[in-house]
Structure formats: C-alpha cells, structure tokens
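Bear in mind that the values in this text are calculations on the coordinates, not laboratory data. Values in this document were obtained by computation on a predicted structure and should not be read as measured data. Virtual Cβ from ideal backbone geometry, glycine too; neighbours counted across all protein chains shown.
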Amino acid sequence: MAFNDDHPLLFTQIHFWVFFLVVYLFFGLIVARGRKDADGGLDPTHRVLRNGYLFAFSLVFYYKTSGSFVLLLIFSTLLGWLLGIGMDRSMSEARRKVLRTIGVVVNLGVLCFFKYAYFFTDIFNATFGTEYSIAMKIFLPVGISFFTFQNISYIVDVYKRRIHHVANILDFGFYTAFFPQLVAGPILRADQFVPQLYKPFFLSRRQFGIAVFWICNGLIKKLILSDYLAVSFVDRVFDNPLLYTPFENFSALMVYSLQVYADFSGYTDIAIGVAMLMGFYLPVNFNSPYKAQNPTDFWRRWHMSLSRWLRDYLYIPLGGNRTASVTSYAVLSAILLIAAFRLKNFWFTIVVCMVIAMVLLLRFLPAAKGHRKTLGTNINNMDTMLLGGLWHGSSFNFITWGGLNGLGILVYKWWKDCSWRIRLATLAIVTIALTIFRHLTDSPLLNLLAFCTQVLLAGFTLIYFIGRNKNLSTLHLKLSTCWAVLITFIFISFTRLFFRSGSNLDPAEANEVAWNTASRMVERIGSHWNLSQIPDILSNYSSVFLLFAFGMIVHWFPTRFKRRYRLWFASMPLWLMGVLVVVMAVVLYQFVTADLQPFIYFQF
C-alpha cells in the first residue's frame, strides 16, 4: 500500500478496480445492515459508519495518488469543518464574515503557494529585474484546485445560510474527499451534495445498469480515443512542430480537441458511474460541448461544474450582468499590466495602456453613462475567463487561453446584435486589412488570420444569400447551424494551442516552453501549404483520422438517441451485460499502451 510516484492509482489500472471491489464488498455489508429512523431517513449511527468508512478509503485512495499530500487534504477538511461550525453557531454577523474570510484566504493561500509560487516569482523578477529563485522544490498536489474550490463553496454556502454546517467530521470528510471525483472533479457544490450525506442507500436495477454503462463509456473514451490519439499523433506533433507539415500541425490541434474531451469527460463518466454504484449522484459535467454554436454556448456545455462555480462565486460577486465593481477593473488592469511587464514588448505595452485608458474613460465620462452596464458585464466576463484560465495553470499561456475564450465571448455578444450588412462589411474590411498587412510583413500569424477571415467572409456571404430566398429557409437553418458549430469548434481548438503547449510542464519552465511551442505551431500552420502531401499524410495516419471522424460523429449523435441506447444497455439481462463488459475489457486491453497515460486534468 506504499505510495509510488511512478505508478499512481488510476481509473485505467487494474489495481484501482481491485481496490474498488474490496471497498464495494465491505460497503455492501455496511449498507445491508442499515436502518432507517422514524422519519424514513438514514439512522445516524449507520450514516456515520457508512460515510466514515468511505472517508477512510478516500484518504487511502488520495495517498496512493499523491503520497504525503494526504495531510494537506486532511488539513483542508478540518479547516472547513471547524469554520462551518463556527459560522453556524455564531450570532454575530461580523464574526461570521471574519470566519468566512479566513476560510477563503487560507484555502486560496494554500492553492497559490503550491500552484503559483513559481509564477509569481517569475512575474516579480520580470517586473523589477531581479533574479530571485525558490530554494525548495514545490510539487503540485493532485486535484488541489478541485478540493480547494469544493471547500470554498461549502464555506460560502454556510455563510450565506444556503445549507447548515455538517456536524460530524466523518460526514464532512466524506464530502471533501469522496474518491471518485477527488482528483479531477466534477467540483461538488455543497448545497447539492451535502443533503445526500443523510440519505439511505438506494440502487435500482436500472440505475445499476446505467452506472455500469457510464464506467464502460468512460474507459472507452479514455483508452481508445484519448490515449491512442495522444500517443499515435498529437504528442509527436506538439513535441516537434517544426518537423511536421502545416496540415499535420493543424490536424494535431483539431485532434487534440477530441483527445482532451475524451480524456476529461471519460474520467467524469467513470466517476459518475462509480459514485452511482454507491448510491451517490455527481453533477453532469459535459453536455456534448462540440455541438455548441458559439463560445458562450460552449462554456455552458464544457466542464459545467467549473463554469457554474465561476459564475456563482466569481462572476456574480464581481457584479455579474449588473455593473463592474472596483475589483473588476483592478483585476483586468493588473493582469494586462503584468502581461506587458512580462513580455516586455513595446507595441503590446502601448495596446495595453490604450485598452486600460479606454475602459477608464468609458467608466467615468458622463457621456458614456448609457454604455456602462454593457461595459461592466463585458469586463466581468473577461475577468472570469482570465482567472478561469489561471485556475488551469500557473503560466501566461493559460491566461492567454482564457483571454482568447473571453474575447470570443465578447465578439459573439457584439456579433449577434449586429445586422447581416454590418457583419459582412466588418468581415470584408478586416479581410482586406489583414491581406494588405500580410503582403507587407509576410508574417505566418497574419497569413493565418487573413486566411481565416477570407473563409469566414466566403461562408457567411453564402449563407446570407441562401437566407434571402424564402424557399430555402430549411436549408438556410441547417447550413447556419452546421457552419456555426464548425466555426466554434475550430476557434476553440485554436485557443487550445496555448492550453496544450503548457500542459504537463514544470511551472518553472512552462512559460518559455509553452510560448515556443505555440509560436512554432503558428509559424508552421501559417506557412505555405503543399496540398499534394495531404493524401499521403491521411494514408500514413489513416487509423488516427478514422478514429477522429468516428469520435466526432458519435459526439454529434442526437441527445435523444444517446439516451435511448444508454437505457437499452441498462435494461438488458445481467448475463448479457456481463458478456458485453468482458468483450469490452478484451478490446480495451488491445489499446492499452505500455505506459498508461495519466488523466490530463490531474495536473489542475
């Protein structure tokens, strides 16, 4: 049972499933002896035994993934439990605020130390020209962002009296450390999960089948889609982008979007299935995100537990749709100025200063009063996406990724309120300008941007003229939907250039390596394309492209159809379900690589 850093306990290992079978065997014995109280709820003694048992094994699980960092999880658990009791029992509003502030500050402080120490040191050195370094080696605990946010949600919810505090430490420890979702989510909201602590175990025949389906579905996504695509294609291109053609670099970006979705949603599916077998229900974390027709819709479908957490605990406190607070302006200005100091680029610094000056003028000029609400909403949106990017990783490539997504949301909000004539005119002007500058500078980035705007202009022009014909209204609707889905997918995939470039890197070197990788890929994609090479590339990587096409087609299946075959699987006889599971296990074994790939979101 000793911790091995080279072989952490993963859902894709046989060791985990042996571990889970042992846990589930004794769990079954415990719930079989459970009794209900007079009100039909769970008997308190049995509840503590069940939750305490799962809490203990959750600590064992975390030890097997992170070693001695299990002590950090215990500290975070004790802190949240004590503060919750203190806030609920206090009659003083001032004391409640102090306790809430302590909880949020300490949790964020611990997170910042382990996750952002190198990042802040790098910023300080770049700003003041110093050469300070951190003497000790700081390792990032697995899943620290998830259980930190989980504890903050509990502290805030108790403070706002959305829920009562959890009196028993074993019950609360189970909430913070529940092993299926502990290291990569979904993020559990206290007001959603704490009530389940007190409910008796229940698992119907159909729920059992659905739980097995989710587990199988997640393993297929991870081992067949994610790991195979990563090892066979994506990792090779990102490691040496200059060795590959522009088409291969572009394809790697598109394929990575499917890989990261299959990886993260695969983990979530397994977590949901394992939790359901024990009678607990985790929130849905994905809703076919590549069906999204715009960036806003995408973030309603992707990593939904994080998006909702950021909305409720960051976006709304900043002012939400109402107005921008002083904090909103401070966050945006600080991030932009830090980026300017870090990059030390004259033109970027000028642009940053102009943006900050324009924002402040719109905020304080009397003539701009009617636009302040819109301005405030946009600033809060951008702050949320920038800080959401920073949550994912301690380097500027993640902030850039978040900023590009925020920019995409703002552009879409402007775009949907414009007439078709303004849209086409804007695209035409931008396309002409980029084409002129491209010929003047011969920049790969401008080449890429000019080509993208030309494609956008051609596509929107075609859709516009089809829409003018009333007899083609059905065709216009279908084309508009497909075009919007395609453009959104490509945009999201390009933003992930900065996401993938910094993943799985030591924070001390993430900035430089990530920017070098991103710039090299842009250089290759924006250079001359030799179209005659594409057939050979498709042939050499035929299995990769076929698997990518298969994965995207399944992803785009109608939701109703997916629900139908999920229920079909859940309702089949147990013997047939067992046969299918065995067949699936044999097939999965054929795709297992020599070195199992860790889940991407373990690093966050």
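Figures for the structure shown
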{"item": "Candidate lysines - alpha carbon under 24 Å from K97, same-chain residues fewer than 8 apart omitted", "result": "K160"}
{"item": "By average C-beta atoms within 10 angstrom, highest first, the peptides 88-94, 532-538, 245-251, 23-29", "result": "245-251, 23-29, 532-538, 88-94"}
{"item": "Formal net charge of residues neighbouring I492 (Cβ-Cβ distance under 15 Å; K, R +1; D, E -1)", "result": "+4"}
{"item": "Shape category assigned to region 258-297 from the gyration tensor of Cα positions, a/c cut at 1.5", "result": "oblate"}
{"item": "Unit charges on C-beta of K, R, D, E only; dipole of region 51-171, Debye", "result": "340 debye"}
{"item": "Lysines whose Cα lies under 17 Å from that of K221, excluding same-chain neighbours fewer than 8 positions away", "result": "K562"}
{"item": "Region 137-274: Rg to Rh, with Rh as the Kirkwood radius over Cα pairs", "result": "1.11"}
{"item": "Part-to-part distance (alpha-carbon centres) for region 59-87 and region 409-460, which is given in Å", "result": "50 Å"}
{"item": "Top positive-direction residue, dipole computed over the chain with Cβ charges, set L472, V104, S153", "result": "L472"}
{"item": "Sites I30 and F561 - FRET efficiency at Förster radius 41 Å, r taken between beta-carbons, to 0.05", "result": "0.60"}
{"item": "Lysines with Cα under 30 Å of K413, excluding same-chain neighbours fewer than 8 positions away", "result": "K291, K369, K373, K470, K478"}
{"item": "For peptides 570-577, 295-302, sequence by mean Cβ density within 10 Å, most packed first", "result": "295-302, 570-577"}
{"item": "For the chain: relative contact order, % (alpha-carbon pairs under 8 angstrom, 6 or more apart)", "result": "18 percent"}
{"item": "Stokes-Einstein translational diffusion, region 415-466 - Kirkwood Rh over all Cα pairs, 1.002 mPa s, 20 °C, in µm²/s", "result": "187 µm²/s"}
{"item": "Segments 387-394, 190-197, 430-437, 398-405 sorted - mean Cβ within 10 Å per residue, highest first", "result": "398-405, 387-394, 190-197, 430-437"}
